[in-house]
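Notes to accompany the following structure.
The values are calculated or read from the model by the stated rules, or taken from the named source; none is laboratory data. Just so we're clear, the structure is a prediction, and the values are computed from it rather than from any experiment. Heads up, the Cβs are rebuilt from the backbone with ideal geometry, glycines too, and the neighbour counts pull from every protein chain shown.
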Amino acid sequence: MAEVAQWSEQCGCKGILVYTDNSLVDAWLVSQVIIQNTEKLCPLVAVQPVYTHPYSVAKLVASFGYLYGRRIYLNMVAGGFRNDLLASDDTTPHDKHYARLIEYTTIIKELLASPAPVSFEGEFYRVDKLKNAAAGAGALPQDLYLRVL
């Protein structure tokens, strides 16, 4: 992965997709390898709500920003391979995947935008005065702020 990341950066790429499913190594660890072995290449991490709570995603994004001063892009994935979702006991109807993803992304964005506690109540997620302390003393710096693709 380090070689591919270095080669991609040398060819002028600004980002690189790090996808996820049940058969692959962890996308966040792969992203760390990319960041540690390049100067500017930004991982585009595939994020699936079944795999990681929105708080954990916000904490990871803020931690990368704080530790490396680098941007992480998120590829928000509504669904996945049917067998992978069933193995994780995700019985959410297909049409509800998008509504869940909107709630999920809203929580992540709010946690990254401000050091203030976040409260949210939706159909799929509920958080009460949840605070993202991973960014240090405050919100993620504006130049590293999450841009959802």
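For this structure, a couple of remarks:
- Residue within segment 93-100 that is of a type outside the set (A, V, I, L, M, F, W, C), farther than 29 Å from PHE120 by Cβ and at pLDDT below 85 present: no
- Any chance SER63 is of a type in the set (Ser, Thr, Tyr), free of Cβ contacts under 8 Å to residues at least 24 places away in the same chain, under 30 Å from GLU123 (Cα atoms) and not in a loop (DSSP other than H, G, I, E, B): no
- Of all residues in segment 40-82, those that are touching an Asp or Glu at 6+ places or on another chain (Cβ under 7 Å) and either β-branched (Val, Ile, Thr) or modelled with pLDDT under 90 (or both) total 3.
- Filtered residue count, segment 101-117, keeping only those that are surrounded by 14 or more Cβ atoms within 10 Å (Cβ to Cβ), modelled with pLDDT of 90 or more and either touching a Lys or Arg at 6+ places or on another chain (Cβ under 7 Å) or of a type in the set (Ser, Thr, Tyr) (or both): 3
- Pairs, first among the aromatic types (Phe, Trp, Tyr) in segment 25-38, second in a helix (DSSP H, G or I), C-beta under 6 Å, six or more apart: TRP28/LEU60
- Residues being among the hydroxyl-bearing types (Ser, Thr, Tyr) and under 19 Å from LEU67 (Cα atoms) - total across segment 1-53: 2
- Residue list for segment 1-28, restricted to those being farther than 16 Å from ASN75 by Cα and among the aliphatic types (A, V, I, L, M): MET1, ALA2, VAL4, ALA5, LEU24, VAL25
- Candidate set: segment 126-138, residues that are within 20 Å of VAL47 (Cβ to Cβ) and at pLDDT below 95; chosen: the one surrounded by the most Cβ atoms within 10 Å (Cβ to Cβ): ASN132
- As a summary of the residue check, TYR55 satisfies the conditions (1) under 30 Å from PHE120 (Cα atoms); (2) aromatic (Phe, Trp, Tyr); (3) free of Cβ contacts under 8 Å to residues at least 40 places away in the same chain except for the one numbered (3).
- Selection status of ASP21, charged (D, E, K, R) and closer than 26 Å to PRO93 by Cβ: yes
- Output for segment 25-41, where each listed residue is surrounded by fewer than 15 Cβ atoms within 10 Å (Cβ to Cβ), more than 16 Å from the chain's Cα centre (by Cα) and part of a loop (DSSP other than H, G, I, E, B): GLU39, LYS40
- Considering (1) modelled with pLDDT under 85; (2) in a loop (DSSP other than H, G, I, E, B), the lone condition that LEU85 does not fulfil carries the number (2).
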